[in-house]
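Structure, as structure tokens:
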Amino acid sequence: MAGSESRYQTFLDALEQDRLLRTLSDVAARHARTLDVAGQVYVNFAGNDYLALRFHGALIGRARDWAQAYGTGSGASRLVTGNLDLFAQIETKVATLKNKPGALLMASGFQANAGVLQALFEKRVLGDAPLVFADRLNHASMHFGCQAAGVRQIRYRHADAAHLDKLLTQYRPDGRPKFILTESVFSMDGDVAPMSEIASLARAHDAMLIVDDAHATGILGPGGCGLSEGADLIVGTFSKALGSFGAYVACSETVRDYLINRCSSFVYSTALPPPVLGAVDAALDLLPNLDEDRAHVANLALAFRDEAASLGLDTGASSTQIVPIIAGAADAALDLSARLRQAGFWATPIRPPTIREGTARVRIAFTAAHTVRELENLLDALRGAIVPAAKTGTA
Ligand SMILES: Cc1ncc(COP(=O)(O)O)c(C=O)c1O
């Protein structure tokens, strides 16, 4: 045990040396727009609460009501006695939002990807090891699910349908079951996968298309339905634009039944608690009426990208509410984030291994709670941060 401890410490020391050590900051958040760290209030540009629903009265009210009526916990996994009658109504709403025959609620987005992919790729069930074509920048939870299934992914270049086509064509004679895995909006880049091309390729090559719609659900697409059109199975989370917690899978009834039987993270985990279900249910009811908020967020991000470009900043291929400022080295991202913090803005630096080496960034995320004035202040702060940084050569 003592020997292991010292190895962990050596590992941590190496991370610190490389400026890659991650630490937790205690945050007091009392508003969707700001957060309080060590007594200092910052405008929060680092969250995923894109529609600012976390503090919405309807979500809080239904969470409270359902806690009072059903208790604070569900008491068991859904296959035991945790399948409260609340689930069916929410699953119907999710299936309708995603235009799929069925939906299944899960504990979290990470657990959903980890468990669902493992179950779907089961060799014994499929009759052979599957061929899984995956975008290189897919979220860690998707890799985790593939690893758990013992699948070696065939990675295609990021958001590159032509490369995917080439790989699918190369494997065309191979009769093994095929799957394509992608995010719709990429969490660290804020760019969008070429969904309709990928969906056509999936059909042409008889591949099952699985889309993680985490960063699109609620905030993008008509009525906030996301960007998963053409997918066979959609995974998403309620923890981002829906302002709460938990996740869903939207799919056929057959796949739903299969997951109820084979998805370990569903079978062996306690059902979501009633207050969380209440918040999710209320958020789903609000979604169709939030077009103005969605447009406001899109406009803020668009204006930010335009101005950032004129400042010579690299925002990659972002076209959504997530806008990275790609700084390059981990040091440069840390430095930029620290300068923004001094100016009163919280924007987290994202470093390897979350993103590729040499692409460390500050990830800016816009929400419905941000004002145009705050956008302008952020841009002013960036102007102030870049000039001194350029002089010292750190950004
Ligand atoms: C693309 C993507 N999928 C899944 C998850 C995990 O979702 P959750 O936070 O509900 O575990 C996240 C975010 O953390 C994500 O960005």
Margin query: Taking amide H atoms as placed 1.01 Å from N in the peptide plane, list the residues 5 or more away in sequence, or in a different chain, whose amide H sits under 5 Å from that of Arg54.
Written below: none
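Run the numbers for Glu16 and Thr254: contour at 0.36 nm per residue of separation, minus the present Cα-Cα distance, in nm.
Details: separation 238, 0.36 × 238 = 85.68 nm, distance 4.83 nm.
My answer for the length gained is 80.9 nm.
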Next item on the list: Please work out how many pairs of lysine residues in the chain are eight or more positions apart (or on different chains) and have Cα atoms closer than 19 angstrom.
Entry: 4
Checklist line | Simple label model, 7 Å out from Cα along Cβ direction - Asp160 to Leu79, nm | finding: 4.1 nm
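List the chymotrypsin sites (Phe, Trp or Tyr not before Pro) in segment 178-251 that DSSP assigns to loop (not H, G, I, E or B) and whose Cβ has at most 15 other Cβ atoms within 10 Å. Which are they?
none
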Note to self: Expected output is a single nm value to one decimal: the length gained when fully extending between Ala343 and Ser4, i.e. 0.36 nm times separation in residues minus the C-alpha distance. What is it?
What the structure shows: 117.9 nm
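Using helices alone, what [θ] at 222 nm do you get for the chain, with -39,500 (n - 2.57) per DSSP H run of 4 or more residues, divided over all residues and rounded to the nearest 500? Please report the intermediate quantities before stating the final value.
Numbers: 14 runs with 168 residues, N = 395.
That calculation yields -13000 deg cm²/dmol at 222 nm.
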Next item on the list: Take the alpha-carbon centre of segment 91-144, take the same for segment 250-265, and report the distance between them in whole Å.
Entry: 9 Å
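Using a 1.4 Å probe on the protein heavy atoms, what percent of the accessible area of the chain belongs to carbon and sulfur?
Details: 9200 of 17830 Å².
Carbon plus sulfur share of accessible area: 52 percent.
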Notebook entry, point to check: How many angstrom separate the Cα center of segment 284-307 from the Cα center of segment 13-35?
Noted result: 27 Å
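Compute the length gained on full extension between Asp206 and Ala329: take 0.36 nm times their separation in residues and subtract their Cα-Cα distance, giving the result in nm to one decimal. Mind dumping the intermediate values first?
On the way: separation 123, 0.36 × 123 = 44.28 nm, distance 4.12 nm.
Length gained between Asp206 and Ala329: 40.2 nm.
Please state, as a whole number in µm²/s, the translational diffusion coefficient that the Stokes-Einstein equation yields for segment 192-299 at 4 °C and 1.567 mPa s, with Rh defined as the Kirkwood radius across alpha carbon pairs.
Numbers: Rh = 15.3 Å.
Roughly 85 µm²/s, to the nearest whole number.
For Ala140 and Ser264, FRET efficiency with R0 = 30 Å and r from the beta-carbon atoms, rounded to 0.05?
Numbers: r = 18 Å, r/R0 = 0.61.
The pair Ser264/Ala140 has a calculated efficiency of 0.95.
The values are calculated or read from the model by the stated rules, or taken from the named source; none is laboratory data. Keep in mind that what you see is a predicted model, and the values were worked out from it rather than measured. Every residue, glycine among them, receives a Cβ derived from its backbone with ideal geometry; neighbour counts consider all protein chains shown. Note: accessible area is taken over every heavy atom of the protein model, side chains too, but ligands, DNA and RNA are not part of it. Shrake-Rupley method; radii C 1.70, N 1.55, O 1.52, S 1.80 Å.
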